[in-house]
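Colleague: Please see the structure below; I have some questions.
FYI, it's all coordinate maths here, none of it is from the lab. Note that the structure is a prediction, hence the values are computed from the model and not measured. So basically every Cβ, Gly included, is an ideal-geometry build from the backbone, and we count neighbours across all protein chains shown.
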Amino acid sequence: MNELQELEMQHYLGRAKNALQEYLVHKLLFPKVYLDADWNGEKFDVLAIDRAGVGDVHGVRLVRREPGRREPSVHSAYLERAVSESLTSFTDLSGHFRYLAVFCIEPNKVIWKPSEAIKSQCLAADGVGRVGILYVDVTKEDVKPEVLLKPERFRSSKEIIELTDRFVAAHDPNVEFRE
């Protein structure tokens, strides 16, 4: 990838993160939002903590839809593999809500839809919680995530609450609401 392509990819990533940040700001009540967050040793492209930093933790990871691929159906095999690899151990992370966001950098692509196997892989082992899947087309003028699979809340724990308190105390959010 040359320097111009790298810069263009940074712009696409930035637009996707901004769209996801805006999505969470509208979805949550007074969230604190962090971009490129290291959450307990795990990387999230966007992390939001609801209710001014004392509520549920929402973590989002991006998966890029590779440009130039021929996709005969909405269930693309290569994208299924990429999402499946990203989901590996994702259901075991700390946090109440988890999302994978597939982002597209080619205009006029058919929206990818997760297969039944991917939907099954999104579920927590004990059945309490499901990873949500969002789709973000960054080629559009008005970039808005589309919900492909609604997330469900994972179990909470004392450790998550303590981790949240430490994280909020040690990091400055990119977006927060103050009185």
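Colleague: Within segment 108-122, is even one residue surrounded by 14 or more Cβ atoms within 10 Å (Cβ to Cβ) and closer than 20 Å to V25 by Cβ?
Modeller: Here is the first cut: in segment 108-122, the residues surrounded by 14 or more Cβ atoms within 10 Å (Cβ to Cβ) are 109, 112-115, 118-119, 121-122.
Those still in the list that are closer than 20 Å to V25 by Cβ too: none.
Within segment 108-122 (the criterion being surrounded by 14 or more Cβ atoms within 10 Å (Cβ to Cβ) and closer than 20 Å to V25 by Cβ), the answer is no, since none of the residues qualifies.
Colleague: Say we look at segment 148-160 and pick out the residues that are of a type outside the set (D, E) and surrounded by 13 or more Cβ atoms within 10 Å (Cβ to Cβ); which of these is nearest to S94 (Cα to Cα)?
Modeller: From segment 148-160, those of a type outside the set (D, E) are 148-151, 153-158, 160; that's our starting set.
If we keep only those that are surrounded by 13 or more Cβ atoms within 10 Å (Cβ to Cβ) too, we end up with 148-149, 151, 153-154, 156, 160.
Working: L148: 22, L149: 20, P151: 15, R153: 11, F154: 9, S156: 8, I160: 6 Å.
Checking each candidate, the answer is I160.
Colleague: Among the residues of segment 10-30, is any at positive phi and either part of a strand (DSSP E or B) or not basic (K, R) (or both)?
Modeller: yes
Colleague: Turning to a different aspect of this structure: So, in segment 23-33, of the ones that are more than 12 Å from the chain's Cα centre (by Cα) and of a type outside the set (V, I, T), which residue ends up farthest from S94 (Cα to Cα)?
Modeller: Let us first name the residues in segment 23-33 that are more than 12 Å from the chain's Cα centre (by Cα), namely 25-33.
If we keep only those that are of a type outside the set (V, I, T) as well, we get 26-32.
On the way: H26: 23, K27: 20, L28: 19, L29: 20, F30: 21, P31: 18, K32: 17 Å.
Only one residue fits best here, namely H26.
Colleague: Another question, then. Any residue at all in segment 89-101 that is surrounded by fewer than 18 Cβ atoms within 10 Å (Cβ to Cβ), within 28 Å of V54 (Cα to Cα) and polar (S, T, N, Q)?
Modeller: Looking through segment 89-101, at least one residue is surrounded by fewer than 18 Cβ atoms within 10 Å (Cβ to Cβ), within 28 Å of V54 (Cα to Cα) and polar (S, T, N, Q).
Colleague: So, of the residues in segment 123-136 that are farther than 17 Å from V46 by Cβ and within 17 Å of the chain's Cα centre (by Cα), which turns out to be surrounded by the most Cβ atoms within 10 Å (Cβ to Cβ)? Quick ask: steps written out before the conclusion?
Modeller: Quick first cut of segment 123-136, residues farther than 17 Å from V46 by Cβ only: 123-130.
Next, only the ones that are within 17 Å of the chain's Cα centre (by Cα) stay: 123-124, 129-130.
Values: L123: 14, A124: 16, G129: 19, R130: 21.
Of everything passing the filter in segment 123-136, R130 is surrounded by the most Cβ atoms within 10 Å (Cβ to Cβ).
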